[in-house]
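The values are calculated or read from the model by the stated rules, or taken from the named source; none is laboratory data. Please read all numbers here as calculations on a predicted model, not as lab measurements. All Cβ positions, glycine included, derive from the backbone under ideal geometry; neighbour counts span all protein chains shown. Heads up: the accessible areas ignore ligands, DNA and RNA and are worked out on the full protein's heavy atoms, side chains in. Shrake-Rupley method; radii C 1.70, N 1.55, O 1.52, S 1.80 Å.
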Amino acid sequence: MPTFQLRQLRLRCQWLAQREARSPAEIARQLCALQAQEWASVQLAMHARSAGIMQSDIKQAREVDRSIVLSWSLRGTLHLVAAEDLRWLLAVCGEGVIRSTNRRYQQLGLTETIREAALAAIRKILEREGALNRAELAAALGEYGIPVAGQAIHHLARFAALRGLICHGPEYSGKLTFVLLDQWLPDTAPAPADPLAALARRYLIASAPATWKDFAQWSGLRAAQARKGWAAVSADSKRVATAAGEALMRADQAADSATETSLRLLPRYDNYLLAHKDRHFLIAPDHRRQVYPGGGLIRACAVVNGEAKAIWKLEKRRRSIRIVVEPFAALDKPVLPMLAAEAAALGSFLMAKVEWRINRG
């Protein structure tokens with residue numbers, strides 16, 4: 001498969017080729033899990049995949065409709081997922097992440113006994129108090145004699161979320177809160193018969209063509225688990241040769257030679273930027289460090305027809321926001337009106353006057 005076809009197919013799978021009216025829940029279901037350690041960034045990721053969506057729609061979906069939920073899941077990282085998917089995702093990945101964090105627990109003095117005591121205390125506290133932000137939860141846990149200094153409170157909250165006790169609730173005064181998962185989202189959706197196979201299938205729907213190594217990196221599963229999940233979906237998938245080796249795609253996914261011209265301003269940690277282990281299809285080697293500088297950082301990218309052509313950032317000004325684009329090389333003239341349209345759409349999403357400029361270095 002030529003690289004341009006690979007990009008086009010992955011853009012379509014990621015709902016980035018064309019903007020259509022899509023709800024936050026529909027986007028979450030298509031992508032299975034949107035990386036969300038930056039709440040502002042994951043909202044921009046939803047904007048990039050929908051026409052006409054507003055920040056208020058995402059707030060409505062998460063806090064009122066509760067059709068999407070924010071919690072730790074894959075790789076032990078915060079993700080935004082469809083409400084009906086969270087519990088079975090935790091069943092697949094939760095205990096593995098907890099095991100992999102054991103050394104850090106020990107460094108913080110969070111023994112298994114202390115962690116179990118913290119779970120019991122968190123349940124009592126949130127049943128009594130309702131939604132609490134991290135500082136409030138830490139203060140309440142401290143009264144139970146639970147160590148919460150430094151990173152301890154972060155790891156205790158994450159542990160409780162991975163065990164399915166809590167998730168993020170409403171945002172108050174700009175701060176996310178914690179709530180009991182069973183109170184926030186009553187468990188009404190049946191889990192897949194084979195959650196591991198379901199995860200592999202959902203990943204392939206959103207990220208084809210892909211390899212089991214791509215799936216392992218995206219999911220954070222051990223190699224044996226990833227291979228098992230991949231084997232479960234290989235029978236009803238088709239194989240395709242790519243520059244990164246043999247990959248799978250769903251039988252109902254089509255790759256053709258037609259090009260769909262697009263430009264998207266993707267935020268930091270966007271799924272398109274992290275869904276595959278091999279990223280040569282996405283960015284030229286000479287510019288890789290500008291997007292992936294190390295330390296787990298993934299910078300925001302302007303992606304043209306599936307290829308990263310620039311990094312960008314938002315600057316807040318007194319009466320507006322400014323989009324600053326830093327291209328790796330001079331942008332083609334036809335890209336400029338596309339960039340202007342994307343900047344305008346972003347301004348509408350943020351309900352702010354928007355300016356944009358190209359920083360030519």
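Scan (1) part of a helix (DSSP H, G or I); (2) surrounded by fewer than 20 Cβ atoms within 10 Å (Cβ to Cβ); (3) free of Cβ contacts under 8 Å to residues at least 60 places away in the same chain for the single condition Pro147 breaks and write down its number.
Here Pro147 meets the rest and fails (1).
Among all residue pairs at least 6 apart or on different chains, which show Cβ distances below 8 Å where the first residue, located in region 3-29, is in contact (Cβ under 8 Å) with a residue 60 or more places away in the chain and the second is β-branched (Val, Ile, Thr)?
Phe4/Thr259; Leu6/Thr242; Gln8/Thr259; Cys13/Ile205; Leu16/Val303
Open to solvent by less than 60 Å² (accessible area, probe 1.4 Å) and in a helix (DSSP H, G or I): is that true of Ser41 in this structure? Don't jump to the end; show me each part of the working.
Values: open to solvent by less than 60 Å² (accessible area, probe 1.4 Å): yes; in a helix (DSSP H, G or I): yes.
When the stated conditions are applied, Ser41 passes them.
Surrounded by fewer than 17 Cβ atoms within 10 Å (Cβ to Cβ) and within 25 Å of the chain's Cα centre (by Cα), is that true of Ala302? Before the answer, list the steps.
Details: surrounded by fewer than 17 Cβ atoms within 10 Å (Cβ to Cβ): no; within 25 Å of the chain's Cα centre (by Cα): yes.
Here the answer is no, as Ala302 does not meet what is asked.
Kindly provide the set of residues from region 318-341 that are surrounded by 12 or more Cβ atoms within 10 Å (Cβ to Cβ), free of Cβ contacts under 8 Å to residues at least 60 places away in the same chain and not in a strand (DSSP E or B), ordered by number.
Step one: filter region 318-341 for residues surrounded by 12 or more Cβ atoms within 10 Å (Cβ to Cβ), giving 320-328, 331, 335-336, 338-340.
Restricting the remaining residues to those that are free of Cβ contacts under 8 Å to residues at least 60 places away in the same chain gives 320-328, 331, 336, 340.
Ser320, Phe328, Leu331, Leu336, Ala340 - these are the residues of region 318-341 that are surrounded by 12 or more Cβ atoms within 10 Å (Cβ to Cβ), free of Cβ contacts under 8 Å to residues at least 60 places away in the same chain and not in a strand (DSSP E or B).
Please determine whether any residue of region 208-226 is in a loop (DSSP other than H, G, I, E, B), more than 28 Å from Trp39 (Cβ to Cβ) and of a type in the set (Val, Ile, Thr).
yes
Tally time: how many residues in region 162-190 are open to solvent by 80 Å² or more (accessible area, probe 1.4 Å), farther than 29 Å from Trp230 by Cβ and over 20 Å from the mean Cα position of the chain (by Cα)?
Initial filter on region 162-190 (open to solvent by 80 Å² or more (accessible area, probe 1.4 Å)): 163, 172-173, 175, 182-183, 186-188, 190.
Filter once more, keeping what is farther than 29 Å from Trp230 by Cβ: 172-173, 175, 182-183, 186, 188.
Of the ones still in play, those that are also over 20 Å from the mean Cα position of the chain (by Cα) are 172-173, 182-183, 186, 188.
Of the residues in region 162-190, 6 are open to solvent by 80 Å² or more (accessible area, probe 1.4 Å), farther than 29 Å from Trp230 by Cβ and over 20 Å from the mean Cα position of the chain (by Cα).
Step by step: first the residues of region 53-65, then only those that are in a helix (DSSP H, G or I) and aliphatic (A, V, I, L, M), then the one that is surrounded by the most Cβ atoms within 10 Å (Cβ to Cβ). Which residue is that? Lay out the reasoning, then the answer.
Looking only at region 53-65, we keep the residues that are in a helix (DSSP H, G or I), and these are 55-64.
Then keep just the ones that are aliphatic (A, V, I, L, M); that gives 58, 61, 64.
On the way: Ile58: 22, Ala61: 24, Val64: 9.
Residue satisfying both the conditions and the ranking: Ala61.
Residue-wise test of (1) closer than 18 Å to Ala91 by Cα; (2) charged (D, E, K, R); (3) in contact with a His (Cβ under 8 Å, 6 or more places away or on another chain).
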position	(1), (2), (3)
Pro192	yes, no, no
Ser207	no, no, yes
Gly229	yes, no, no
Glu246	no, yes, no
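Working only within region 66-80, note down all residues that are farther than 15 Å from Val179 by Cβ and either assigned to a helix (DSSP H, G or I) or not hydrophobic (A, V, I, L, M, F, W, C) (or both).
Those that are farther than 15 Å from Val179 by Cβ and either assigned to a helix (DSSP H, G or I) or not hydrophobic (A, V, I, L, M, F, W, C) (or both): Ser67, Ser73, Leu74, Arg75, Gly76, Thr77, His79.
Given the options Ile114, Ile122, Ile153, name the one that is open to solvent by less than 50 Å² (accessible area, probe 1.4 Å), more than 22 Å from Gln37 (Cβ to Cβ) and either in a strand (DSSP E or B) or free of Cβ contacts under 8 Å to residues at least 60 places away in the same chain (or both).
Ile114
Please go through region 133-144 and give me each residue that is open to solvent by less than 20 Å² (accessible area, probe 1.4 Å) and either touching a Ser or Thr at 6+ places or on another chain (Cβ under 6 Å) or within 13 Å of Ala117 (Cβ to Cβ) (or both), ordered by number.
Hit for region 133-144 is Leu141, nothing else.
The conditions are (1) open to solvent by 40 Å² or more (accessible area, probe 1.4 Å); (2) within 30 Å of Glu127 (Cα to Cα); (3) of a type outside the set (Ser, Thr, Tyr), and Ala193 fails exactly one of them. Which is it?
The failed condition is (2).
Can you tell me how many residues in region 87-111 are assigned to a helix (DSSP H, G or I) and either of a type in the set (Gly, Ala, Ser) or within 14 Å of Leu221 (Cα to Cα) (or both)? Can you show your working first?
Taking region 87-111 first, the residues assigned to a helix (DSSP H, G or I) are 87-100, 102-107.
Remaining after also requiring either of a type in the set (Gly, Ala, Ser) or within 14 Å of Leu221 (Cα to Cα) (or both): 89-100.
Residues meeting the conditions: 12.
One line per residue, one yes/no per condition, for (1) β-branched (Val, Ile, Thr); (2) open to solvent by less than 20 Å² (accessible area, probe 1.4 Å); (3) modelled with pLDDT of 95 or more; (4) not in a loop (DSSP other than H, G, I, E, B):
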position: Gly229; (1), (2), (3), (4): no, yes, yes, yes
position: Glu246; (1), (2), (3), (4): no, no, no, yes
position: Ala254; (1), (2), (3), (4): no, no, no, no
position: Thr259; (1), (2), (3), (4): yes, no, no, no
position: Leu273; (1), (2), (3), (4): no, yes, yes, yes
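What are the residue pairs meeting all of these: first residue in region 65-93, first residue modelled with pLDDT of 95 or more, second residue open to solvent by 20 Å² or more (accessible area, probe 1.4 Å) and among the basic types (Lys, Arg), Cβ atoms under 7 Å, and 6 or more apart or on different chains?
Trp72/Arg158; Gly76/Arg158; Ala82/Arg29; Ala83/Arg66
Can you tell which of Arg289, Arg268, Arg357 is closer than 28 Å to Cys32 by Cβ and either open to solvent by 70 Å² or more (accessible area, probe 1.4 Å) or over 24 Å from the mean Cα position of the chain (by Cα) (or both)? Can you show your working first?
Details: Arg289 fails: closer than 28 Å to Cys32 by Cβ; Arg357 fails: closer than 28 Å to Cys32 by Cβ.
None of the other options fit; the residue is Arg268.
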